[in-house]
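Comments concern the structure below.
The values are calculated or read from the model by the stated rules, or taken from the named source; none is laboratory data. Just so it is clear, the structure is predicted and the values come from calculations on it, not from any experiment. Note that each Cβ is placed from the backbone with ideal geometry, even for glycine, and that neighbours are counted across all protein chains shown.
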């Protein structure tokens, strides 16, 4: 469904905008989102600037010259901090014309009172005959309701005190022309009153009358509404009013009213100065908003804030605890790393010491062999031994020379443990003897040696592997 434009006979959702202008209905109205992009414009804007709402929606302030756009929008956005902003600007039309204008910015709120953007009112030039009645809006075809009660009215302030509107003679008839503060008057969430300096009602919109269960504007004009104004405003004298600027306003203050049906409710009241009347005195505008919704939202926000703060505190405590655990784990890991380094250094020392002892042992064994055993073996070889005896002597010589090898350990720790004869044959194989020499040295038949070799291959796990038994024994078992 296409979005409706802001029309002078349609709602805008403006809730409290601070300073109002005397020609609000004739002003070009633009609503910006919080990102600065245009979301709505009124008919007057289309007539003056030439863009339709569909053409300009979603674009950032097309009506401002590029050279001024950032500076002007930055200044106007100050209104989002709670106070309306007014400044002179140069406005750009679609056909390239530059207009001298005054821009007034205020917060733009939805029906629930939530701030959703920025409302900018652009006035080309001030004009006379600005204040007119909104009777056509406030007295439409509705069922008759009780007139506005003259019962007790509770004044604004931190400690509200009961005030009874004072009946006055009607001093001024409401000025009438073709239009009045339409954007504010048509708003469904804000009650709007126009007062003179004496507190008499000049005009009120439909929402204000709805708040107090009344359609009778005339009875409201007979009451004194000055209690809606701040105490210092009520104390000003006519001479002082003449020196007060047109942009003077007062912020939200809480007021309690008793309606015609006896219901008491709280409202937020704000307002400011319009411009001088025909007599030279300024008119005042007052905006009235139901405080119940605002307070409810504030309460929900406070509760939500407390929940978030509690969750954040809990998360911080968890993070702190986890950080402490992580620090402890890091310290423990560092200590263990240091312990491992010390153990590793100790192992290196032990290994080095072991290797040195092993080398020393090997040197002593070789030295003793060469000194005592080797001469005896050489003497045995010179005695004219048979071939079998010579093979045995050679085996003895080889075994003694390799007495420090791991051959015996490697053979004995195999899963298929070798028999004594198979160990003997493996030893002869490691010396480079073939099967016939092994048979001659051991007194076995050649075929018996062949069977032993097959059994050895099976026990060593190389029966089905293409591997030379002699090479395997030398490389794997004699290390």
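Anything in the range 386-396 that is assigned to a helix (DSSP H, G or I) and free of Cβ contacts under 8 Å to residues at least 24 places away in the same chain? List them, or say none. Steps first, answer last, please.
So in the range 386-396, the residues assigned to a helix (DSSP H, G or I) come out as 387-396.
389, 390, 393, 396 - these are the residues of the range 386-396 that are assigned to a helix (DSSP H, G or I) and free of Cβ contacts under 8 Å to residues at least 24 places away in the same chain.
Quick one: count up the residues across the range 366-394 that are outside the structural domain of residue 439 (by TED's automatic domain parsing), out of contact with any helix residue (DSSP H, G or I) (no Cβ under 7 Å at 6 or more places or on another chain) and within 20 Å of residue 427 (Cα to Cα).
Looking only at that region, the number is 2.
Since residue 383 meets every condition but one in (1) part of a helix (DSSP H, G or I); (2) at pLDDT below 90, which condition does it not meet?
Single failed check for residue 383: (1).
Quickly run through the range 189-216 and pick out the residues that are in contact with a helix residue (DSSP H, G or I) (Cβ under 6 Å, 6 or more places away or on another chain) and at pLDDT below 80.
Across the range 189-216, the qualifying residue is only 215.
Give me a count of the residues in the range 44-66 that are part of a loop (DSSP other than H, G, I, E, B), out of contact with any helix residue (DSSP H, G or I) (no Cβ under 6 Å at 6 or more places or on another chain) and over 13 Å from residue 91 (Cβ atoms).
Restricting attention to the range 44-66, the residues satisfying the condition of being part of a loop (DSSP other than H, G, I, E, B) are 50-52, 57-65.
Filter once more, so that each one left must be out of contact with any helix residue (DSSP H, G or I) (no Cβ under 6 Å at 6 or more places or on another chain): 50-51, 57-60, 65.
So of that shortlist, the ones also over 13 Å from residue 91 (Cβ atoms) come out as 57-60.
Total meeting the criteria: 4.
Scan the range 455-468 for residues that are loosely packed, with under 15 Cβ neighbours inside 10 Å and within 16 Å of residue 423 (Cβ to Cβ) and jot them down.
Result: 458, single match.
Give, as residue ranges, the helices (runs of 4 or more DSSP H) completely inside the range 397-469 that count at least 3 residues that are within 22 Å of residue 377 (Cβ to Cβ).
Numbers: elements: 407-412, 420-430, 435-442, 446-460.
Filter on the range 397-469 gives 420-430, 435-442.
Could you say whether any residue in the range 15-27 is within 15 Å of residue 105 (Cα to Cα) and modelled with pLDDT of 90 or more?
Scanning the range 15-27, I find no residue that is within 15 Å of residue 105 (Cα to Cα) and modelled with pLDDT of 90 or more, so the answer is no.
Which members of the range 193-222 meet the condition of being assigned to a loop (DSSP other than H, G, I, E, B), under 22 Å from residue 291 (Cα atoms) and more than 48 Å from the chain's Cα centre (by Cα)?
Of all residues in the range 193-222, those assigned to a loop (DSSP other than H, G, I, E, B) come to 196-199, 205, 212-216, 222.
Those still in the list that are under 22 Å from residue 291 (Cα atoms) too: 205, 212-215.
Hits for the range 193-222 are 214, 215.
If we scan the range 416-424, do we find a residue that is in contact with a helix residue (DSSP H, G or I) (Cβ under 7 Å, 6 or more places away or on another chain), closer than 30 Å to residue 375 by Cβ, modelled with pLDDT of 80 or more and assigned by TED's automatic domain parsing to the domain that holds residue 468? Please lay out each step first, then the result.
First, the residues of the range 416-424 that are in contact with a helix residue (DSSP H, G or I) (Cβ under 7 Å, 6 or more places away or on another chain): 416, 418, 421-424.
So of that shortlist, the ones also closer than 30 Å to residue 375 by Cβ come out as 423-424.
This time we only want the ones that are modelled with pLDDT of 80 or more, so: 423-424.
Restricting the remaining residues to those that are assigned by TED's automatic domain parsing to the domain that holds residue 468 gives 423-424.
Looking through the range 416-424, at least one residue is in contact with a helix residue (DSSP H, G or I) (Cβ under 7 Å, 6 or more places away or on another chain), closer than 30 Å to residue 375 by Cβ, modelled with pLDDT of 80 or more and assigned by TED's automatic domain parsing to the domain that holds residue 468.
Of all residues in the range 217-234, how many are modelled with pLDDT of 80 or more and buried (at least 17 other Cβ atoms within 10 Å of the Cβ)? Quick ask: steps written out before the conclusion?
Of the range 217-234, the ones modelled with pLDDT of 80 or more are 224-234.
The next check asks that each one be buried (at least 17 other Cβ atoms within 10 Å of the Cβ); those that pass are 224-229, 233.
Here the count works out to 7.
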